[in-house]
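One structure is given below, encoded as structure tokens.
The values are calculated or read from the model by the stated rules, or taken from the named source; none is laboratory data. All values reported here derive from a predicted model rather than from experimental measurement. Cβ coordinates were reconstructed from backbone atoms using ideal geometry, including for glycine residues, and neighbour counts include every protein chain displayed. Remember, those area values only see protein heavy atoms, side chains included, never the ligands or the DNA or RNA. Shrake-Rupley method; radii C 1.70, N 1.55, O 1.52, S 1.80 Å.
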Amino acid sequence: VLANLLRDARELGAVVTKGDRSLRALGTALLQDSFTILALERTRAAGRRLHLIGINRVIRLTETALFGIEIGKGVRLGEGIYFVHTVGTVIGGDAVIGDRVVFMGNNTVGTARGDGYPVIEDDVVLGAGARVLGPIRVGAGSVVGANAVVLRDVPPRSLAVGIPAEVRPLARQ
Ligand SMILES: CC(C)(COP(=O)(O)OP(=O)(O)OC[C@H]1O[C@@H](n2cnc3c(N)ncnc32)[C@H](O)[C@@H]1OP(=O)(O)O)[C@@H](O)C(=O)NCCC(=O)NCCS
């Protein structure tokens, strides 16, 4: 768990400071709500591996009470995920979230018709209110615009905007 948290802090520091991997950036990461959430999630996963009764539910409820976020127990979280705003975000089922993914807030990553959950690859940015639904893949480095509803695969380094989301190549860095 500790090694995992160190990697979380390093990656989160890099996201928050836009690429700085110094000790100072690591310190910045430790002060983020995101780091607290990741620490709770790593503890929750370890508790479940050790079959500690009740820990899964207690930590899930704690996260929701403190941060207004709900993360399913089958979700796989990469390193250094950045919840810019935590409130209103729900990640469900067995969704997979890559490293350094940014959640702007009030996001849903879940199922569309009970037929599976998304994979969000590394370095994706989900704009405020964006929903990603179904057994789809959002490719690395893509940006999902605010309030978009993504129902189909998004290739890497794309921009997905609108309802249902339309995909175009990402123009900017
Ligand atoms: C998508 C976004 C990142 C802009 O990306 P960009 O690569 O700079 O794209 P552009 O601004 O050049 O817009 C490209 C096109 O998408 C459209 N677009 C941009 N954001 C959109 C959105 N959220 N919903 C619908 N269309 C959108 C633009 O109107 C433009 O359309 P056009 O080509 O027909 O004129 C930005 O608009 C956005 O939604 N950011 C989320 C920020 C956020 O959540 N902030 C909350 C902070 S708490």
Taking the solvent-accessible surface of protein heavy atoms with a 1.4 Å probe, what is the per residue accessible area of the chain in Å²?
51
With a ≥ b ≥ c taken as the square roots of the eigenvalues of the C-alpha gyration tensor of the chain, please select rounded if a/c is under 1.5 and otherwise prolate if a/b is larger than b/c or oblate if it is not?
oblate
May I ask what percent, to the nearest 5, of DSSP beta bridges between residues of region 47-173 are antiparallel?
15
Quick one, could you list the DSSP H helices from the chain stretching 15 Å or more along their long axis (Cα atoms) with average Kyte-Doolittle hydropathy of 0.5 or above?
2-16, 55-67
Quick one: pull the percent of accessible area on region 29-128 belonging to carbon and sulfur, 1.4 Å probe, ligands and nucleic acids left out.
57
Trypsin sites (Lys or Arg not before Pro), restricted to region 95-156: which are DSSP loop and have at most 11 other Cβ atoms within 10 Å?
ARG113
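Let me make sure I get this right: for region 82-173, a, b and c are the square roots of the gyration tensor eigenvalues over alpha carbons, sorted descending. Under 1.5 in a/c it's rounded, otherwise prolate if a/b > b/c, else oblate. Which is it?
In terms of gyration-tensor shape, rounded.
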Using a 10 Å cut-off on Cβ atoms, rank the peptides 102-110, 141-149, 49-57 from the highest mean neighbour count down.
102-110, 141-149, 49-57
Could you tell me which of ALA148, ILE91, PHE103 has its Cα farthest along the dipole of the chain towards the positive end, charges placed at Cβ (Lys, Arg +1; Asp, Glu -1), taken about the Cα centre?
ILE91
In whole Å, what three semi-axes, largest first, describe the equivalent ellipsoid of region 22-79 built from its Cα gyration tensor (square root of 5 times each eigenvalue)?
23, 13, 9
Note down the magnitude of the dipole of the chain about its Cα centre, charges +1 on Lys and Arg C-beta and -1 on Asp and Glu C-beta and zero elsewhere, to the nearest 20 debye.
160
Provide the solvent-accessible area of ARG48, counting protein heavy atoms only and rolling a 1.4 Å probe, rounded to the nearest 10 Å².
100
